[in-house]
Amino acid sequence: MSMDTKQKMNEEVQKRRTFAIISHPDAGKTTLTEKLLLFGGAIRLAGTVKGRKASKHATSDWMEIEKQRGISVTSSVMQFDYEGHRVNILDTPGHQDFSEDTYRTLTAADSAVMLIDSAKGVEAQTKKLFQVCRMRGIPIFTFINKLDREGQNPFDLLEELEQVLGIRSYPMNWPIGSGKQFRGVYDRKMTQVELFQGDDHKEIQVRKVSGYEDPIVKEIAGDFFYDQLVQDLELLDVAGDEFDFDKVASGELTPVFFGSAINNFGVQTFLENFLKLAPTPSPRGSSAGEIDPLSDKFSGYIFKIQANMNPAHRDRIAFLRICSGKFERGMSVKHVRAGKDIKLSQPQQFLAQDRDIVEEAYPGDIIGLFDPGIFRLGDTLSQMGNIEFNELPTFSPELFCKVTVKNALKHKQFQKGVDQLTEEGTIQVFRTIGFDDMILGVVGQLQFEVFEYRMKAEYGVDVILQRMNYQFARWIIDEQVDPGKFRINSQLVKDKNDHYVVLFESEYAMRSAMEKNPTAQFLENAP
Ligand code: G4P
């Protein structure tokens, strides 16, 4: 690589921030995403993203089921520039019925923004998504939203982060008043007060101060809120965690921002602080050790495959996270698993559903590749020879259905559909011992509906799904596995690779099976 190319590469990597926003439905993710895009000039009108989410899907060519339910089943990627940074936001559906896909998308992010509703605190979905980020040890930033409404006490919210999620926090700013009395925030890092001008005139005023003892603060907050504020801030200074960049980087300490996304309050400072603290594209583990993003050779892996984004074309799009080197349209890369070279001729970049052809891209960027059926989840594409990126994590299914085909004559199409849809990785398939019945396992209920719908729409097969009572799947490793031992509240099945898996109806059933089989190992995921 010449000096010039090297420097350019370095600059491009340094300016990139690739992150995902995680939250429970209704916390305000769509709203926050939209405000961030507005700052980046990626969209001009408020309501653009929101409009997509609402029932009007006129311009959208996403799956029919999304239209029917008015939700986003699939995760997309949004890119914009802000003050010299190139920002990639990975959208993870916050809906109840999320899937394994949502989890996997998080592997493509270098950091996460956790959005919390100040009235509701840490909710179920946030907890699940948080745990996946935790596993990866990526930095997690917290935005506590809806401060314009009556919410929980900020200290209680921080306590909840620690109790429920086990993460310590550092408030970057602190609210002055709340709900209808919400005056603004005191920025602890930049020692300034940001004033929230209320519902009608939403403009935001920033006043630089010397500290919270500054008389200006008192003047702004009024006596009552001032006393409260000083008390709170003193307590934080004395008893709160110190800001420790290394701990933020390793995901042990989360910087917390208070604000109101819909009023655009606290969003800009959040973005600016976030861009300063969030990591640049990080090295990724592979069969050849860690791959440095600055390497002159291109590499990346596929973390998501989305079928039929455009039903008119029946296409599949494989989402690739670039891990190293520069990507150029038309370049040849090795498809490592298939053992052959392929040409990347029509790569796409995304802004929600608008797709542009991309000419070049760098580590941290996500590109969409047209997939004629050659890619699988976790596939590595590279110009480095036979390296393979570490396997994507799989997640233990929690919901199960027995599936049969309505018309036995359609068995061939049925099998083909099941094979292809399970290959996309959102559904796992199991077979019962002896009877060879087929059982599907998923992490989100919607996947069953999507499965049923797509089997009909794409393969012309009507399926019958019967919900089963199981809640847990554990891969069992033992010298000898005896199906007779798993008859009560449980069942022994095999996965697609003929590994034994036990399905349990309850945690109790699972625990007692573990106690009764002390020599066996019970794994949450396939070995
Ligand atoms: P999601 O993507 O996480 O599901 O949340 P979304 O942004 O759609 O926001 C959920 C609801 O919360 C929306 O109201 C939205 O307007 C509201 N919201 C977002 N940020 C704030 C905030 O800072 N303060 C207050 N008070 N509300 C906020 P909705 O009534 O469900 O939809 P809409 O009628 O506003 O479109």
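Partner lysines whose Cα lies under 17 Å from the Cα of residue 326, excluding those fewer than 8 positions away in the same chain, are identified as 6, 8, 15, 297, 334, 343. Compute the acute angle (0 to 90°) between the alpha-carbon long axis of helix 3-14 and the principal axis of greatest extent of the alpha-carbon atoms of the chain; round to the nearest 10°. On a 0 to 90 degree scale, this one is about 80. Hull volume per residue, based on the alpha-carbon atoms of segment 399-523 and their convex hull, is 101 Å³. Calculated [222 nm] ellipticity per residue, helices only, for the chain: -8000 deg cm²/dmol; basis is -39500 (n - 2.57) per DSSP H run with n ≥ 4, divided by all residues, nearest 500. Each part reduced to its alpha carbon centroid, segment 11-38 and segment 318-344 end up 26 Å apart. As a rough guide to protection, the peptides 410-416, 255-261, 204-210 ranked by mean Cβ packing within 10 Å, highest first, stand as 255-261, 410-416, 204-210. Toward the positive end of the charge dipole of the chain, with +1 on the Cβ of Lys and Arg and -1 on the Cβ of Asp and Glu, the farthest Cα among 19, 344, 161 is that of 344.
Size descriptors for segment 89-190, from the alpha-carbon set: Rg then Dmax equal 14.5, 41 Å.
Our coupling estimate for segment 475-488, obtained by passing each phi through the Karplus curve with A = 6.51, B = -1.76, C = 1.60 and θ = phi - 60°, is 6, 9, 10, 7, 4, 9, 9, 10, x, x, 6, 10, 10, 9 Hz, Gly and Pro reported as x. Binning the C-alpha pair distances of the chain at 10 Å intervals from 0 yields a P(r) profile of 3, 17, 26, 25, 18, 9, 3, 0, 0 %, listed from the shortest bin outward.
In order along segment 324-330, the Karplus-derived 3J(HN,Hα) couplings, from 6.51 cos²θ - 1.76 cosθ + 1.60 at θ = phi - 60°, round to 8, x, 9, 9, 10, 4, x Hz, and Gly and Pro are given as x. Amide H to amide H, with H built 1.01 Å from N, residue 346 comes under 5 Å of 370, counting only residues 5 or more places away or on other chains.
Protection proxy ranking for 358-368, 269-279, 455-465, using the average of other Cβ atoms within 10 Å per residue and placing the highest first: 358-368, 269-279, 455-465. Rounded to the nearest Hz, the phi-derived 3J(HN,Hα) couplings of segment 370-384 under the Karplus curve 6.51 cos²θ - 1.76 cosθ + 1.60 (θ = phi - 60°) are 5, 10, x, x, 9, 9, 10, 4, x, 4, 9, 10, 7, 10, 10, where x marks glycine and proline.
Quick note on segment 137-285: its Rg to Rh ratio, both from C-alpha atoms and Rh being the Kirkwood radius, is 0.97.
Here the chain exposes an accessible surface that is 46 percent carbon and sulfur, computed with a 1.4 Å probe and the other protein chains kept in place. Annotation: amide H-H contacts under 5 Å for residue 462 (H modelled 1.01 Å from N, sequence separation of 5 or more, or interchain): 406, 407.
The stretch between residue 337 and residue 494 holds 54.0 nm of extra length on full extension. This uses 0.36 nm per residue minus the Cα-Cα distance.
Near the amide H of residue 113, within less than 5 Å, lie the amide hydrogens of 20, 21, 22, 141, all on another chain or at least 5 residues away, with H placed in the peptide plane.
Compute the Cα gyration tensor for segment 239-312, then decide on rounded, prolate or oblate, letting a ≥ b ≥ c be the square roots of its eigenvalues: rounded whenever a/c is under 1.5, prolate when a/b is larger than b/c in the other cases, and oblate in all that remain. Because a/c hits 1.5 or more and a/b fails to exceed b/c, segment 239-312 counts as oblate. Heavy atoms of the protein chains alone define the surface here; on that basis the chain has 44 Å² accessible area per residue at 1.4 Å probe size.
The values are calculated or read from the model by the stated rules, or taken from the named source; none is laboratory data. Note that the structure is a prediction, hence the values are computed from the model and not measured. Please note: Cβ atoms are built from the backbone with ideal geometry, for glycine as well, and neighbour counts cover all protein chains shown. Ligands, DNA and RNA are stripped out before the accessible areas are found, and what is left, the full protein with its side chains, is counted by its heavy atoms. Shrake-Rupley method; radii C 1.70, N 1.55, O 1.52, S 1.80 Å.
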